[in-house]
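This report concerns only the one structure given below.
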């Protein structure tokens, strides 16, 4: 049974850009090769793109001019020097990556690049349920026993003081590539590459772990050029950094926009055997950030959630087509298994929350169970936030210990919030809207109480009402293929650059039917409609995903929020409105 969505009122917030900024942007655009229309100017200014220079960089992302220097990382010279010294002296190097897509793609970049340099690096990715996130002491000992002299991390290590100290005592230098928050005490590594560090001159803090690794490769390439040796082509790594960047939900602005824009083209070309096999099992579709987020990313993540993440690394680095097809099929099967487990846990979690008599007054959700799989609780936490719009932690209990994964709505900074509970935890880490923790089982009730106190101090009642940010009011009579062309100039969409949303008032329902409903499974289906402008004219096709439960009749008048798009079916493209929300008059 799939739990049906709760109806939740949303607050519609119209953006109000400065008219002077709009005028300046349009004037500049009209003199260039491509005119910036009033609509495009508004969309740009709404996203902080408020000067001609910013607009040019945003609309035409350039690998040559759009990436900061890797030397802005204070330890870049030390990191590249140590790696190339290991190469020259034949010292064994190990890569230690996280088990999510960001860590997997960062590890894959390092493996492939070091192999291009004639090195044979080892790989260690911890098991999610047995070892948990980040470096651990047993792993440090195992890697040292295997003879490693250098460890390079991918998407982890920022808080691993004890483990790095142990590695040093065992004669292993650790180079950290991470993007998570750094504690007050800097990790005692040989070199630290992390844009979140206080003294880091690399001013863009939104890189993914895979993005930090890519900058290490840029630094190595600069050193190799100075030495006059062969220089690997970094364009071949853009598909990997794009997968990690999109899947980790970091802001798709500045460097990330440049990398992802060009990386999507590399993914579309499908030159990597493993990626081609992954696309085959994921279903053919236009390559976009959504395609990564909903198709490729979950399958790459499936191995690390339920089994071994090394499988995903092998897929992305293999040159054997038969092996790639086998690995892709395995990950596809594990993803389907993950979906079943996720649905079961979600149903249990929703029932637990809705049984609370004081739910309306609660500011947070902390749930725990011995029945839950630690590999999928983060996804379930995200779905609970979508449903209840409260900061949420899901904790999988294993005997005396629990591992938790949290997600949060925009108004609440999850990392800062959980930091106020640090004395109750064995460990924690994360970002504004996602975090993880480990805890003694007996302390979970105290955590729930403390976290509720923290959330209550930081969240008002209004904060519990989700907002839908609207770019502009645009009557349906004005929507055509040119509108979509302007909107698509903002792609790729993601955090920090959301899909444009428009509002239309007094729209008439010209036709309506429910499709895809599965009542016995709690699935309300989708609204398939034809909507006519309040000005009249021909109706436009519209689809409201998950809105099949809404009672609408032909002739009804509604206000709608929508995103215009081209719907491709059987090779035919037609204009369609994807509904984001609606209100009856």
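Taken together, the values in this text are just the output of simple stated rules run on the coordinates, not laboratory data. Computed from a predicted structure; not experimentally measured. Positions of Cβ are generated from backbone atoms using ideal geometry, with glycine treated the same way; all protein chains shown enter the neighbour counts.
The label point for residue 453 and the one for residue 165, both projected 7 Å from the Cα toward the Cβ, are 3.0 nm apart.
Hull volume per residue, based on the alpha-carbon atoms of the range 356-464 and their convex hull, is 92 Å³. Inverting the pair-averaged 1/r between distinct Cα atoms of the chain gives 25.5 Å as its Kirkwood hydrodynamic radius. For the range 503-585, the share of alpha carbon pairs falling in successive 10 Å distance bins from zero is 18, 52, 26, 4, 0 percent. For the range 356-464, the relative contact order works out to 26 percent when only alpha carbon pairs closer than 8 Å and six or more residues apart are counted.
Per residue, the chain reaches -12000 deg cm²/dmol at 222 nm when only DSSP H runs of four or more residues are counted, each adding -39500 (n - 2.57).
Please report how far the C-alpha centroid of the range 440-516 lies from that of the range 155-223, rounded to the nearest whole angstrom. Here the answer is 34 Å between Cα centres.
Modelled label positions at residue 319 and residue 566, each set 7 Å beyond Cα in the direction of Cβ, lie 3.8 nm from each other. Counting 0.36 nm for each residue step from residue 578 to residue 285 and taking away their Cα separation leaves a gain of 103.7 nm. Modelled spin-label separation between residue 505 and residue 538, with each label point placed 7 Å from Cα along the Cα-to-Cβ direction: 2.7 nm. As a rough guide to protection, the peptides 248-256, 408-416 ranked by mean Cβ packing within 10 Å, highest first, stand as 248-256, 408-416. Can you work out the FRET efficiency for the pair residue 63 and residue 294, with r the C-beta to C-beta distance and R0 = 22 Å, to the nearest 0.05? FRET efficiency, residue 63 to residue 294: 0.25.
Extension gain for the segment residue 89 to residue 21, taken as residue separation times 0.36 nm less the Cα-Cα distance, is 18.8 nm to one decimal.
Centroid-to-centroid, using Cα positions, the range 74-102 and the range 414-428 are 31 Å apart. Taking other C-beta atoms within 10 angstrom as a stand-in for reagent exposure, 222, 60 fall in the order 60, 222, fewest first.
Using the alpha-carbon positions of the range 70-269, Rg (one decimal) and Dmax (whole number) come out as 15.6, 46 Å. Taking the range 435-472 and a reference point 7 angstrom along Cα→Cβ of residue 358, the backbone N atoms nearer than 20 Å belong to 443-465. So the label point goes 7 Å from the Cα of residue 204 along Cα→C-beta, right? Which residues of the range 218-240 then have their backbone N under 18 Å from it? Of the residues in the range 218-240, 218-222, 234-240 have backbone N under 18 Å from the label point off residue 204.
Taking every C-alpha pair closer than 8 Å and separated by at least 6 residues, the mean separation divided by the residue count of the range 70-269 gives a relative contact order of 24 percent. Between residue 370 and residue 184, the contour length at 0.36 nm per residue exceeds the alpha carbon distance by 63.6 nm.
The mean sequence distance of close C-alpha pairs (under 8 Å, at least 6 residues apart), as a share of the length of the chain, puts its relative contact order at 12 percent. Antiparallel as a % of all DSSP beta bridges within the chain, to the nearest 5? Counting DSSP beta bridges with both partners in the chain, the antiparallel share is about 65 percent.
Neighbour counts of C-beta atoms inside 10 Å place 12, 372, 569 in the sequence 569, 12, 372, starting with the fewest.
Can you figure out the FRET efficiency of residue 116 with residue 337, using R₀ = 51 Å and their beta-carbon distance, to the nearest 0.05? The value I calculate is 0.90.
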